[in-house]
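Input: a single structure, listed below in structure tokens.
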Amino acid sequence: MRGGTEMRLIDADALIEDIDGDLTDSIAEGRAIEKIMNAPTIEPKKGKWIYKRDLKQFFCDQCGCPSLTDDDRYIYGMDLPNFCEDCGADMRGDNHETDRS
């Protein structure tokens with residue numbers, strides 16, 4: 001990875017559409033589009049929020065990132081995010097557990 005950046009999911013079709021016709025050199029444009037089309041793909045992470053009673057907070061089961069607290073959810077009416085803010089795991093669906101600790 002370049003410059004210590006973390007891997008992230010992108011929309012390759014949108015990127016190709018964005019550069020199509022933007023480059024003055026059509027050969028360079030073709031090569032750029034070809035590289036995007038041949039780039040490796042990854043499967044997005046699936047995760048779930050784990051509720052830790054002793055901390056009164058939800059945590060990502062993939063990376064341990066904390067999310068909402070009881071106050072955030074019940075006092076302010078906030079919903080759990082669909083994706084982990086740290087690792088990007090997809091948290092959608094019926095995927096909540098309670099840690100008995």
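Put simply, the C-alpha atoms of region 49-99 give a gyration tensor, and the ellipsoid matching it has half-axes of 16, 12, 10 Å, longest first.
With the simple spin-label model, which puts each label point 7 Å out from Cα in the Cβ direction, the ASN38 to ASP11 separation comes to 2.6 nm.
The numbers here are math on the coordinates, done by the rules we state, and not lab data. This structure is a prediction, so every number in the text was calculated from the model and none was measured. Here Cβ is always computed from backbone atoms with ideal geometry, including for glycine, and neighbour counts include all displayed protein chains.
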